[in-house]
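Notes for the one structure printed next.
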Amino acid sequence: MSIISIVNQKGGCGKSTTAVHLAYWLAQNKNVTLIDADAQQSSSSWLARLPKEIPNAAILDPEALFDAIEEASNQYDVVVVDGPGSLSEITKTILDISDLTLVPCQPSGLDLSSSSKILQVIRQRQKVRGGQPHVGLFLSRAVKGTVLLKEAQQALSQDQRFPLINSIVYQRQCISDAPIQEATVFDLAGSAAKAAQQDYENLFMEALSYLG
Ligand SMILES: Nc1ncnc2c1ncn2[C@@H]1O[C@H](COP(=O)(O)OP(=O)(O)OP(=O)(O)O)[C@@H](O)[C@H]1O
Ligand SMILES: [Mg+2]
């Protein structure tokens, strides 16, 4: 069993979109559940409308959340946790129980400077937990060939403690359209969806290798 969370207090960086795609992708050959710890409940309501059923629950109380994740980890191969768009007790609870936490960062100056806050919190939890959880940063909603993307790659590669995953999730219309279509990009046809599937697959394969 593994507990994989997606955290970053920066709103709109792609946590819920990544969490849903990760759960859906893993569910091809694993027993997976998703726990939605965000008050907006976007990932759990999205999952409820998908063709393939994935068990999920929305939990907002930090203590109840810890217990629910622990319990789920005894029942499922993988528990995916979608974190809130704020730095709260909930985020710390998630970091206290995750095996691997993924941090999506949008390549913009503001997003990068706010990511230093979540990395500070992660470093402190790692200190308390003897190095856990494993962490992978990744670039999310990136626009190909931009100076911003290049600068963000450089900025996020600086800190050896928090490796930057090579795979990038690019900004793609088919990804933002997926929830309205009651789908993930894995359910969609066409070359744009294929490219998005590849982005996610590369990201997830690389991220899973961090679990050892
Ligand atoms: N790679 C992408 N390409 C295009 N649109 C994207 C991509 N990733 C996410 N989005 C869109 O960006 C918006 C924010 O994404 P999402 O809800 O996943 O972010 P979040 O980090 O969970 O936000 P919050 O902090 O509010 O929970 C959504 O409209 C989503 O469809
Ligand atoms: Mg969200």
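For the reader, a short list of remarks on this structure follows.
- Condition check for Ala19: near ligand 1 (Cβ under 9 Å from one of its atoms) and closer than 19 Å to Asp77 by Cβ: yes
- Residues in the stretch 21-38 that are in contact with a Leu (Cβ under 6 Å, 6 or more places away or on another chain) and within 11 Å of ligand 2 (Cβ to nearest atom): Ala37 alone.
- Residue satisfying all of: in the stretch 182-212; of a type in the set (D, E, K, R) and part of a helix (DSSP H, G or I); nearest to Leu100 (Cα to Cα) among these: Glu206
- Qualifying residue in the stretch 155-171 (condition: in a loop (DSSP other than H, G, I, E, B), within 16 Å of ligand 2 (Cβ to nearest atom) and either over 18 Å from the mean Cα position of the chain (by Cα) or surrounded by fewer than 18 Cβ atoms within 10 Å (Cβ to Cβ) (or both)): no
- Cβ-Cβ distances below 8 Å connect the following pairs, each with a first residue in the stretch 22-40 that is within 14 Å of ligand 1 (Cβ to nearest atom), a second residue that is among the basic types (Lys, Arg), and a separation of six or more residues or different chains: Tyr24/Lys52; Asp38/Lys15.
- Of all residues in the stretch 114-164, those being under 16 Å from Cys13 (Cα atoms) and touching a residue at least 60 places away in the same chain (Cβ under 8 Å) number 8.
- Among (1) part of a helix (DSSP H, G or I); (2) under 16 Å from the mean Cα position of the chain (by Cα); (3) modelled with pLDDT of 95 or more, the one test that Cys174 misses: (2)
- The stretch 41-66, residues that are on the phi < 0 side of the Ramachandran plot and within 11 Å of ligand 1 (Cβ to nearest atom): Ser42, Ser43, Trp46
- Selection of the stretch 185-212 for residues being within 11 Å of ligand 1 (Cβ to nearest atom) and in contact with a helix residue (DSSP H, G or I) (Cβ under 7 Å, 6 or more places away or on another chain) yields Val185, Ala192, Ala196, Tyr200.
- Count of residues meeting criterion [over 19 Å from Asp187 (Cα atoms) and more than 15 Å from ligand 2 (Cβ to nearest atom)] in the stretch 39-64: 5
Residue-by-condition table, conditions (1) more than 25 Å from Ile3 (Cα to Cα); (2) small (Gly, Ala, Ser); (3) without any contact (Cβ under 8 Å) to a residue 60 or more places away in the chain:
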| residue | (1), (2), (3) |
| --- | --- |
| Arg172 | yes, no, yes |
| Ile180 | yes, no, yes |
| Ala183 | no, yes, no |
| Ala196 | no, yes, yes |
| Asp199 | no, no, yes |
| Leu203 | no, no, no |
| Glu206 | no, no, no |
| Gly212 | no, yes, no |
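- Restricting the stretch 6-43 to residues that are in contact with an Asp or Glu (Cβ under 7 Å, 6 or more places away or on another chain), among the small types (Gly, Ala, Ser) and not in a loop (DSSP other than H, G, I, E, B), the residue that is farthest from Leu110 (Cα to Cα): Ser43
The values are calculated or read from the model by the stated rules, or taken from the named source; none is laboratory data. None of these values were measured; they are calculated from a predicted model. All Cβ positions, even for glycine, are placed from backbone atoms using ideal geometry, and neighbour counts span all protein chains on display.
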